[in-house]
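Peer 1: Below is a structure I'd like to ask you about.
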Amino acid sequence: MNFNLDQLQIFLDVATEAALAAGVVLQDYFGNLESIEEKGRPGDLVTAADKEAEVEILTVLRRHVPDHAILAEESGKAGDGGSPYLWAIDPLDGTTNYAHQYPASAVSIGLLIDGVPQVGVIYDPFRQELFRAARGLGATRNRRPIQVSRTTELSKSLLVTGFAYDRRQTSDNNYAEFCYLTHLTQGVRRSGSASLDLAAVACGRCDGFWERGLSPWDVTAGIIILEEAGGMVTAYDGSPFQMGSGRILATNGHIHSSLSTELQRVPPISIWADFDKFSRLG
Ligand code: IPD
Ligand code: CA
Ligand code: CA
């Protein structure tokens, strides 16, 4: 499908309106939560802020694009499932941070057209940073163009990653990758918000990001923002990124192949497999 840039700009403005409205909810509830629930998996939290911010976003989308399909973290699928347009929405990416009043969370709203990210907005209401992009229109932070870093060597890079909520139930938990890449680079950060991690790579603060277990609402906006900022997004092995796999490797492009190579030869750290037993003994 060919897209008219004017049409993408309209969708970008709709996403921006929705993200800013959700950001007001996040600011209002910050430090004022009456309860914090677990959604099922241990540590997977949800609050009134997540739910109300999502309602704000859906209200804006229903007003402007009522015929589009929606996939929202808290309320699931809605709209015409046959539509080529699918909005992937995380009303509060970084709920654990938010619940602890650690101010590193964002609203993430992305538009997939025929399964490909085309429009994205990530809004951090605490640092007042608005990241936006649409395919062919470039990427911006607070309306100024952004670009990925120029770092070419893994040993000189700063990376960022995250850990999925099933990390205690699987040995595929990213612990070994985290240790190994901490050893090989200038550092690995864990911000607690995958969308902000992708935005950090897009604007050159970090050189690369990887994570497993992510959902479309975590990454759709960040992928288009990073690609429009000159970055690269693939699976861990460098093959095309598959939205359903949940596994993403996203970099400035220059360190992509070396990071991909190292991710595929991470030495096992056997202690982590027995970590629960170990910690009970300790
Ligand atoms: C989480 C954050 C975190 C990542 C988790 C995500 P949530 O999203 O993006 O950085 O490591 O895998 O699930 O639950 O705060 O929306
Ligand atoms: Ca999320
Ligand atoms: Ca969320």
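Peer 1: Please go through the range 159-188 and give me each residue that is more than 22 Å from R265 (Cβ to Cβ) and either open to solvent by less than 40 Å² (accessible area, probe 1.4 Å) or under 18 Å from the mean Cα position of the chain (by Cα) (or both), ordered by number.
Peer 2: Y165, D166
Peer 1: Residues of the range 191-219 being away from ligand 3 (no atom under 13 Å from the Cβ) and in a helix (DSSP H, G or I), which ones?
Peer 2: Listed by number, the residues that qualify are D197, L198, A199, A200, V201, A202.
Peer 1: Report, by residue number, each residue of the range 136-158 that is part of a helix (DSSP H, G or I) and surrounded by 20 or more Cβ atoms within 10 Å (Cβ to Cβ).
Peer 2: Scanning the range 136-158 gives a single hit, L154.
Peer 1: Quick check on my filter: what residues within the range 86-135 are buried (at least 19 other Cβ atoms within 10 Å of the Cβ), in a strand (DSSP E or B) and not hydrophobic (A, V, I, L, M, F, W, C)?
Peer 2: D90, P91, D93, S108, G110, P117, Q118, G120, Y123, D124, R132
Peer 1: Further question on the same structure: Just one of G136, G43, G110 is under 16 Å from the mean Cα position of the chain (by Cα) and touching a residue at least 60 places away in the same chain (Cβ under 8 Å); which is it?
Peer 2: Result of the check over G136, G43, G110: G110.
Peer 1: Is it the case, given these coordinates, that D13 is under 23 Å from G79 (Cα atoms) and without any contact (Cβ under 8 Å) to a residue 24 or more places away in the chain?
Peer 2: Yes: the conditions hold for D13.
Peer 1: Those residues that are among the aromatic types (F, W, Y) and within 13 Å of ligand 3 (Cβ to nearest atom), I need them from the range 93-117; list them, please.
Peer 2: Y98
Peer 1: Given the criteria within 16 Å of ligand 2 (Cβ to nearest atom) and either open to solvent by 20 Å² or more (accessible area, probe 1.4 Å) or in contact with a helix residue (DSSP H, G or I) (Cβ under 8 Å, 6 or more places away or on another chain) (or both), does S35 qualify?
Peer 2: The answer is no for S35.
Peer 1: Can you name the residue in the range 218-247 that is under 14 Å from A164 (Cβ atoms), within 13 Å of the chain's Cα centre (by Cα) and not acidic (D, E) and is also surrounded by the most Cβ atoms within 10 Å (Cβ to Cβ) among such residues?
Peer 2: Looking at the filtered set, the residue picked out is V219.
The values are calculated or read from the model by the stated rules, or taken from the named source; none is laboratory data. Given the structure is predicted, the values throughout are model-derived calculations rather than measurements. All Cβ positions, even for glycine, are placed from backbone atoms using ideal geometry, and neighbour counts span all protein chains on display. Ligands, DNA and RNA are stripped out before the accessible areas are found, and what is left, the full protein with its side chains, is counted by its heavy atoms. Shrake-Rupley method; radii C 1.70, N 1.55, O 1.52, S 1.80 Å.
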